[in-house]
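The values are calculated or read from the model by the stated rules, or taken from the named source; none is laboratory data. Source: prediction; values computed, not measured. A quick note on method: Cβ atoms are made from the backbone with ideal geometry, for glycine too, and the neighbour counts reach across all protein chains shown.
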């Protein structure tokens, strides 16, 4: 009798445990199918958004825009087997982000990239001109220093020649001093009285 009561209790416990376990496994399966559904939605949305960026959908009312997006997604070979609710959700997401698709359309993105390439070329040309100007400036500075060094050397040679000339003139008997001669050319003016 105790054995029969024990077995009955075990069966009752198993009957209580089984429905809870079935409920949990059902929830896990629905979560897995939801994750697969989100992947499908994201794939469909990416395709619809890319088509929107290319300008496949014109400007129209919300109903017409949704209808065009749904039809486009249904005609795509990779997305035909998806459930209509998933396609509708992807079309709604694409419709809501249509302004982004228009702002970042392929044409506008390419135009912006061309503009940036052109600006980069201008900056490179300016950098090249600045480098050439720096080289020219450095060459002029070196040239100026060379000319000034040559002038100093010439002044030194002139002074040596003057000294040699004075010495030669003294030996010849011409003894005059250029400094004294300059002082004789200057006349002293009387100072005004106070």
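In the stretch 23-39, what residues are within 22 Å of residue 69 (Cβ to Cβ) and at pLDDT 70 or above? 39, the sole residue that qualifies. You will find that of 99, 150, the residue that is assigned by TED's automatic domain parsing to the domain that holds residue 43, free of Cβ contacts under 8 Å to residues at least 40 places away in the same chain and assigned to a helix (DSSP H, G or I) is 99 and no other. You will find that of 89, 82, 130, the residue that is free of Cβ contacts under 8 Å to residues at least 60 places away in the same chain, surrounded by 10 or more Cβ atoms within 10 Å (Cβ to Cβ), in a loop (DSSP other than H, G, I, E, B) and at negative phi is 82 and no other.
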